[in-house]
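So the structure is just underneath, and the comments pick up after that.
What follows draws every value from the coordinates through simple rules; no lab data is involved. The shown structure was predicted, so the numbers you read here are calculated from the model rather than taken from an experiment. Cβ placement follows ideal geometry from the backbone for every residue including glycine, while neighbour counts extend to all protein chains displayed.
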Amino acid sequence: MPESDIYLYKRNISQNADYTVWLAFPGVKSFALSSLGFLWMFKEIDEMPDVNIEMLCSDTAKTLYRAETVGLIGFSFTFDTDFLTIFSMLEKQSIPLKASDRADDYPLIFAGGPVVSANPVPYKDFFDFIIIGDGEDINRKVVEICKNNKNKPKKYVLECLAELEGVYVPVLAQKAVKKLTKRLDGCVYSPIISNEAFFKNTFIAELSRGCANRCGFCLASYMNLPLRCAPYDSVVAAIETGLNYTNKIALLGAQISAHPAFDEIFKLIDSKIKSGKKIEMSVSSLRVDAIKPEIVKTLTDAGQKNITLAIEAGSERLRKVINKNLNENKIMESVKISAEAGLRGLKFYGMIGLPTETEDDIQALIKLAEKIKKSCKGFDISFGFSSFVPKPNTPFQWIGRENTKLLEAKAAYLKKEMHKLGVHTNFSSIKWDYWQAVLSRGGEGFSDFLIDTYRAGGKLGDFKKAARNNNIDTDFYALENLPFESDLPWNFIDVKPGRDFLIKENKRLLSL
């Protein structure tokens, strides 16, 4: 770590530690230093006695420890295509990709994060074990077991690890693995502040985890149920700590406005600004119904010029289908409040190809954009769109995507019509979203397909060619509607509230 990094905890640096861990982030270091979950795990292990830990990133040029002296490597796995970078990082250290090709003298290699927590099956051949769900409370136990048994055969260590709740060991073919859900007894916050981070010198505090709204497509909602909020006192203490080191703070959570003390937290920030404290604050996207004059005014006083509002769909009917119970009057009210409170613009997040979407729903998006644009002249309005991707452990996990050509035609039409209104748009790649769907609902037999894709360069055409060469019917995974009785690859993961609840939600939503 460079000297410019500020540690907000006491490092337990032991000169005599004889066990070394690499915590690996499949991206450049600036992104790693802005990833709250990754940094918190680093802190948890760094505080352990008799353990060396080093951060390993895709752009790490030189390591403090040689690979042959490392006992454990843990990878953060946040995005479906992270496997490409993970493979590259393993090969850079001369480590075989498949766990079956690594003898006992290689480090144990594991992964954690939303991708492998939702569906680890496509990637199971590459990791000795996988942590399913929230990893904060279990990381120390994992490291302790590995350290205490470092001279034992790998099989024995894995058998010990498999006894831990939330640990999936593929070679042991566990019939059921319970997803870990951590209580937020305290506020998780940035343990390291760095001017090398993508969000330079920014202190991040997690207000909440999960989302009570439960949009039918949303992995973040269902994999993180129930909604948990950090206690108010711990949030205040975290913010006070952060402001001792930097004036830049960010509040994180899928639904931060659901925090029972959300207004009080903003009042605290507002009072500090009014007392002369210079604070730059940003928030993750807000729900439309959280837009209040006092909230937006605090944001503008803290330097935020634009915010993102997730509306997903243009028509009220389709918003009900996806469980986004939000009426147009509330959307228009939020625009008015935002403009009057001093924001320069709003970005709306939308999605195309949602289940039951019709031409009328596409037209409703255009009409809504036109209405918003006319209501606030000179106010910057933009829309960001992605296309629907079925995600495991959500009510829409059984529903396939529309075909790529149809979705691209919708995107082109929306872009053209929005341009006529003077509304800027950006779209995720429909073709990449297709492959995200393939990986999200993938199953057994994907390992050689993934390796071939990586070896060919990991471009769009490489995915297609590798799938064909490995007889992977990608349309089945991306486009097929699956029956409820399907034996889905991830069914062995014990996720609350469970499969029956997801089926019930699917039927309820699609009937609206």
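Only loop residues by DSSP count here, and only those with at most 12 other Cβ atoms within 10 Å; note down the GluC sites (Glu not before Pro) in the stretch 136-213 that meet that.
Numbers: sites: E136, E144, E159, E163, E165, E196, E206; in loops: E163, E165, E196.
Here the GluC sites (Glu not before Pro) that fit, given the DSSP loop and packing criteria, are E163.
Give the label of the value calculated from the structure for mean projected area of the Cα convex hull in nm², choosing from (i) 25.8; (ii) 23.4; (iii) 33.5.
The value computed from this structure is option (ii).
Find how much the distance from R508 to E480 grows on full extension, using 0.36 nm per residue of separation minus their present alpha carbon separation; answer in nm with one decimal. Don't skip to the answer; put the middle values down first.
Working: separation 28, 0.36 × 28 = 10.08 nm, distance 2.04 nm.
Contour length minus Cα-Cα distance gives 8.0 nm.
If packing is taken as the average number of other Cβ atoms within 10 Å across a peptide's residues, how do 489-499, 363-373 rank, most packed first?
Numbers: 489-499: 16.4, 363-373: 18.7.
The most tightly packed comes first, giving 363-373, 489-499.
Shape call for the stretch 373-512 from the C-alpha gyration tensor, a ≥ b ≥ c root eigenvalues: rounded (a/c under 1.5), prolate (a/b greater than b/c) or oblate?
On the way: a/c = 2.61, a/b = 1.33, b/c = 1.96.
Oblate, because a/c is 1.5 or more while a/b does not exceed b/c.
Please list, in order, the residues from the stretch 151-187 whose amide nitrogen is less than 17 Å from a point placed 7 Å along the Cα→Cβ vector of D104.
Only 151-161 fall inside the zone, counting backbone N under 17 Å.
Spit out the partnerless Cys residues in the chain, using Cβ distances under 4.7 Å as the pairing rule.
Cysteines of the chain left without a disulfide-compatible partner: C57, C146, C160, C187, C211, C229, C376.
Roughly how many debye, to the nearest 20, is the charge dipole of the chain about its Cα centre, given +1 on each Lys and Arg Cβ, -1 on each Asp and Glu Cβ, and no other charges? Mind dumping the intermediate values first?
Numbers: 68 positive and 64 negative charges, 282 e Å.
So the dipole magnitude of the chain works out to roughly 1360 debye.
I'd like to compare 285-295, 88-98, 216-226: which one has the highest average count of other Cβ atoms within 10 Å, and what's the full order after that? Write down the numbers at each step before the final one.
Details: 285-295: 18.0, 88-98: 15.6, 216-226: 21.4.
So the peptides 285-295, 88-98, 216-226, ranked by packing, come out 216-226, 285-295, 88-98.
Please report the net charge: other residues with Cβ closer than 12 Å to the Cβ of S315, K and R +1, D and E -1. Before the final figure, lay out each step's value.
On the way: positive: R317, R319, K320, K324, K367; negative: E312, E316, E328, E357, E359, D360, D361.
Once all neighbours under 12 Å are counted, the net charge is -2.
When Lys and Arg each count +1 and Asp and Glu each count -1, what net charge do the other residues less than 10 Å away from K496, Cβ to Cβ, add up to?
Details: positive: K178, K179; negative: D494.
Residues near K496 contribute +1 overall.
For the chain, what is the calculated [θ] at 222 nm in deg cm²/dmol (nearest 500), taking -39500 (n - 2.57) for each run of four or more DSSP H residues and dividing by its residue count? The partial results should precede the final answer.
Numbers: 19 runs with 193 residues, N = 512.
-11000 deg cm²/dmol, from helical runs alone.
Treat each spin label as a single point 7 Å out from the Cα along the C-beta direction, and report the A456 to A212 distance in nm.
Placing both labels 7 Å along Cα→Cβ, they lie 4.8 nm apart.
Could you rank the peptides 277-284, 433-440, 374-381, 183-190 by their average count of other C-beta atoms within 10 Å per residue, with the highest value first?
Most protected by this proxy first, the peptides run 433-440, 183-190, 277-284, 374-381.
Pairs K10/K154; K155/K391; K155/K459; K305/K373; K464/K496: which are spaced more than 29 Å apart, C-alpha to C-alpha? Before the final figure, lay out the partial values.
Values: K10/K154 32 Å; K155/K391 32 Å; K155/K459 36 Å; K305/K373 17 Å; K464/K496 35 Å.
In this structure, K10/K154; K155/K391; K155/K459; K464/K496 lie more than 29 Å apart at Cα.
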